Amino acid sequence: MAISLFDLFKVGIGPSSSHTVGPMVAANQFAHQLQDRELLSKVGRLKIDLYGSLGATGKGHGTGTAVLMGLEGELPDVIDPSRVNERVDQITASSQLNLLSKQPITVDVATDLIYHRVDRLDFHANGMVLVAFDAVGQVIHQATFYSVGGGFIVQEDEHGNVALVEDATELPHVFHSAEDLIRLCHEQDKSIAQIMMENETHWRTEEEVRQGILSIWSVMKNCVQQGIRNEGILPGGLKVKRRAASLYRDLTSKTRMDMITPSLGAMDWVNLYALAVNEENAGGGRVVTAPTNGAAGIIPAVLHYYWEFCPRSSEEGVITFFLTAAAIGFLFKENASISGAEVGCQGEVGSACAMAAAGLAAATGGSPEQIENAAEIGMEHNLGLTCDPIGGLVQVPCIERNAMASMKAINSASMALRGDGTHYVSLDKVIRTMRDTGRDMNDKYKETSRGGLAVNVIEC
């Protein structure tokens, strides 16, 4: 299956790519299916059932909100985050929703949007079933979707089988493992970024790819600036205070002294960048899935480190960073998972850490072997990381975890660049280990808020 960089890095809104972005896209598709079947005017009532992780933590992750917005015709990359809560309040108060902004129907959010906290569907932990009824209560259309991580969705066909609509594009450079990728680089005498660029140009011109990447980078920079400007308490009831704004004031104060040593001053800034992005994500702001929303702060933080602290940073380096990070992301998505509900947080923060480490190593002149080593280090030391968000919110431990992984990515790249690319454990073996670890992991540690910190922290 051919996947583009722009499938992996998608502009959306917080707080979760699998719980917010994916369900919004699925609900939007369902509404358009009703329109295509000329059923829109016949809908009298809708019922939405959320299963598995969507049911267990969907309220804290904004899944219900995302579904309502998708049914009204909104999509994550264009919706105005500032109007979402107001519109949901209107729908809840009036019990009326406008399908695709055209057809008003009655919706009782309390009874028609059902969170199944324990039950799950067979194919994937993030399952949702949407049913449309006519005025007399007869089912006129039903669809089952799965949000499989990073905003990607798949749908069951009429026989209950998952219908994967694959992009059959024949790319010039096909690789299914890091070993394949490195071999291609040597056979073609090209860098990973060049291999990726030649693949991407089968969908877009090279100039369009470059401008698209820089546009994503611009969204990431704006997200950091928004995070620095916004203050207050994050929504959801945990009363988590935003820290990025005060940290920025502290870092820019002339009277401030480094807490440890001046040589570690960049660390504070990396923490700031990651906190800013993930506080925006937790607040429902505009972010880029990288490769997920829960891990959205790592690549922007490491990119800002490259831009602000690496002596020869450039836009060309940013493009190299993204292309290389995407190549590593594809390997995780194809051979394991980037879904916290499927393999735990190792699939989200771990994958993002590896991608960022590889991107930084590439942007600063690393060889294919050094880049692969950087990614391997980044993932190896996130193996077994559970997804146990307190209160089902993408706040604790998610926000700080992005900052910690950002520093880990930078250190991974530094260690790899100090070597010649030779190392004991390959990236392919680490990816397989992450997949196997995720399969063996107890389900309560996979974005259900039924294990780990989620149950051991007393909520007041």
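The values are calculated or read from the model by the stated rules, or taken from the named source; none is laboratory data. Everything numeric here is computed off the predicted structure, so don't read it as measured data. With ideal geometry, Cβ positions are generated from the backbone for all residues, glycine too; neighbour counts draw on all protein chains shown. Ligands, DNA and RNA are stripped out before the accessible areas are found, and what is left, the full protein with its side chains, is counted by its heavy atoms. Shrake-Rupley method; radii C 1.70, N 1.55, O 1.52, S 1.80 Å.
So, of the residues in the range 406-435 that are within 20 Å of I182 (Cα to Cα), among the aliphatic types (A, V, I, L, M) and in a helix (DSSP H, G or I), which turns out to be most open to solvent (accessible area, probe 1.4 Å)?
The residue in question is M415.
Run E156 past the list (1) farther than 25 Å from A290 by Cα; (2) at pLDDT 95 or above and report the number of the one that doesn't hold.
(2)
For the subset of the range 436-448 comprising residues that are modelled with pLDDT of 95 or more and acidic (D, E), which member is surrounded by the most Cβ atoms within 10 Å (Cβ to Cβ)?
Here the answer is D436.
Identify, from the list R418, R439, the residue that is free of Cβ contacts under 8 Å to residues at least 24 places away in the same chain and more than 23 Å from L50 (Cβ to Cβ).
Working: R439 fails: free of Cβ contacts under 8 Å to residues at least 24 places away in the same chain.
Unique residue meeting the criteria: R418.
Considering each of T92, T111, T106 in turn, give the residue that is modelled with pLDDT under 95 and of a type in the set (V, I, T).
On the way: T92 fails: modelled with pLDDT under 95; T111 fails: modelled with pLDDT under 95.
Exactly one of T92, T111, T106 is modelled with pLDDT under 95 and of a type in the set (V, I, T), namely T106.
Within the range 318-356, restricting attention to residues that are open to solvent by 10 Å² or more (accessible area, probe 1.4 Å) and not β-branched (V, I, T), which residue is farthest from the chain's Cα centre (by Cα)?
Taking the range 318-356 as the starting set, the residues that turn out to be open to solvent by 10 Å² or more (accessible area, probe 1.4 Å) are 320, 330, 333-336, 342, 345, 348.
Then keep just the ones that are not β-branched (V, I, T); that gives 330, 333-336, 342, 345, 348.
Details: F330: 13, K333: 12, E334: 16, N335: 17, A336: 15, E342: 14, C345: 11, E348: 7 Å.
The selected residue is N335.
If I ask for residues that are aromatic (F, W, Y) and open to solvent by 20 Å² or more (accessible area, probe 1.4 Å), which ones from the range 190-225 would you list? Outline the logic, then answer.
Keep residues of the range 190-225 that are aromatic (F, W, Y), which gives 203, 217.
The one that is aromatic (F, W, Y) and open to solvent by 20 Å² or more (accessible area, probe 1.4 Å): W203.
Going by what's in this entry, would E187 be described as surrounded by fewer than 13 Cβ atoms within 10 Å (Cβ to Cβ) and within 29 Å of the chain's Cα centre (by Cα)? Let's see the steps before the verdict.
Working: surrounded by fewer than 13 Cβ atoms within 10 Å (Cβ to Cβ): yes; within 29 Å of the chain's Cα centre (by Cα): no.
No, not satisfied.
Could you go through the range 110-121 and let me know if any residue there is free of Cβ contacts under 8 Å to residues at least 60 places away in the same chain and under 23 Å from A66 (Cα atoms). Please lay out each step first, then the result.
Looking only at the range 110-121, we keep the residues that are free of Cβ contacts under 8 Å to residues at least 60 places away in the same chain, and these are 110-111.
Then drop every residue that is not under 23 Å from A66 (Cα atoms), which leaves 110-111.
Yes, that holds for at least one residue.
Within the range 226-238, is there a residue that is among the polar types (S, T, N, Q), at pLDDT 95 or above, open to solvent by less than 30 Å² (accessible area, probe 1.4 Å) and part of a loop (DSSP other than H, G, I, E, B)?
Within the range 226-238, the first condition is being among the polar types (S, T, N, Q), and the residues that meet it are 226, 230.
If we keep only those that are at pLDDT 95 or above as well, we get 226, 230.
Next, from what is left, pick out any that are open to solvent by less than 30 Å² (accessible area, probe 1.4 Å): none.
No, because not a single residue in the range 226-238 is among the polar types (S, T, N, Q), at pLDDT 95 or above, open to solvent by less than 30 Å² (accessible area, probe 1.4 Å) and part of a loop (DSSP other than H, G, I, E, B).
Taking the conditions exactly as written (within 30 Å of N126 (Cα to Cα), open to solvent by less than 70 Å² (accessible area, probe 1.4 Å) and not acidic (D, E)), does V174 satisfy them or not?
Values: within 30 Å of N126 (Cα to Cα): yes; open to solvent by less than 70 Å² (accessible area, probe 1.4 Å): no; not acidic (D, E): yes.
The answer is no for V174.
Tell me yes or no: at least one residue of the range 167-188 is under 20 Å from G317 (Cβ atoms), assigned to a loop (DSSP other than H, G, I, E, B), out of contact with any strand residue (DSSP E or B) (no Cβ under 8 Å at 6 or more places or on another chain) and modelled with pLDDT of 95 or more.
no
Those residues that are under 17 Å from the mean Cα position of the chain (by Cα) and open to solvent by less than 20 Å² (accessible area, probe 1.4 Å), I need them from the range 383-398; list them, please.
We begin by selecting, within the range 383-398, every residue under 17 Å from the mean Cα position of the chain (by Cα); these are 385-389, 392-398.
Answer for the range 383-398, where residues must be under 17 Å from the mean Cα position of the chain (by Cα) and open to solvent by less than 20 Å² (accessible area, probe 1.4 Å): C387, D388, P389, G392, L393, V394, Q395.
Of the residues in the range 125-148, how many are of a type outside the set (A, V, I, L, M) and either open to solvent by 10 Å² or more (accessible area, probe 1.4 Å) or over 15 Å from L50 (Cα atoms) (or both)? Outline the logic, then answer.
Here is the first cut: in the range 125-148, the ones of a type outside the set (A, V, I, L, M) are 126-127, 133-134, 137-138, 141-142, 144-147.
Those left that are additionally either open to solvent by 10 Å² or more (accessible area, probe 1.4 Å) or over 15 Å from L50 (Cα atoms) (or both): 133-134, 137-138, 141-142, 144.
Residues that pass the stated criteria total 7.
Given the conditions (1) in contact with a His (Cβ under 7 Å, 6 or more places away or on another chain); (2) at pLDDT below 95, and given that V118 satisfies all but one, which numbered condition is not satisfied?
(1)
Under the condition of being out of contact with any strand residue (DSSP E or B) (no Cβ under 9 Å at 6 or more places or on another chain) and open to solvent by less than 50 Å² (accessible area, probe 1.4 Å), which residue from the range 239-255 is modelled with the lowest pLDDT? Lay out the reasoning, then the answer.
Taking the range 239-255 and keeping what is out of contact with any strand residue (DSSP E or B) (no Cβ under 9 Å at 6 or more places or on another chain), we get 243-255.
Restricting the remaining residues to those that are open to solvent by less than 50 Å² (accessible area, probe 1.4 Å) gives 244-245, 247, 251, 253.
Details: A244: 98, A245: 97, L247: 94, L251: 91, S253: 85.
By that ranking, first place goes to S253.
Being closer than 16 Å to I192 by Cβ and surrounded by fewer than 24 Cβ atoms within 10 Å (Cβ to Cβ) is the requirement here; does T364 meet it? Spell out how you get there, then give the answer.
Details: closer than 16 Å to I192 by Cβ: yes; surrounded by fewer than 24 Cβ atoms within 10 Å (Cβ to Cβ): yes.
Spelling it out, T364 is indeed closer than 16 Å to I192 by Cβ and surrounded by fewer than 24 Cβ atoms within 10 Å (Cβ to Cβ).
Would you pick out the residues in the range 263-315 that are of a type outside the set (S, T, Y), open to solvent by 10 Å² or more (accessible area, probe 1.4 Å), more than 13 Å from N230 (Cα to Cα) and in a helix (DSSP H, G or I)?
Correct list: L264, G265, A266, M267, D268, W269, N271, H304, W307, E308, F309, E315.
Rundown of residues vs (1) of a type in the set (A, V, I, L, M, F, W, C); (2) touching a residue at least 40 places away in the same chain (Cβ under 8 Å); (3) more than 20 Å from I13 (Cα to Cα), yes/no style:
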position: V43; (1), (2), (3): yes, yes, yes
position: L46; (1), (2), (3): yes, yes, yes
position: S53; (1), (2), (3): no, yes, no
position: G70; (1), (2), (3): no, yes, no
position: G73; (1), (2), (3): no, yes, no
position: D77; (1), (2), (3): no, yes, no
position: D89; (1), (2), (3): no, no, no
position: L97; (1), (2), (3): yes, yes, yes
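Since G151 meets every condition but one in (1) open to solvent by less than 40 Å² (accessible area, probe 1.4 Å); (2) over 30 Å from K241 (Cβ atoms); (3) in contact with a Gly (Cβ under 6 Å, 6 or more places away or on another chain), which condition does it not meet?
(2)
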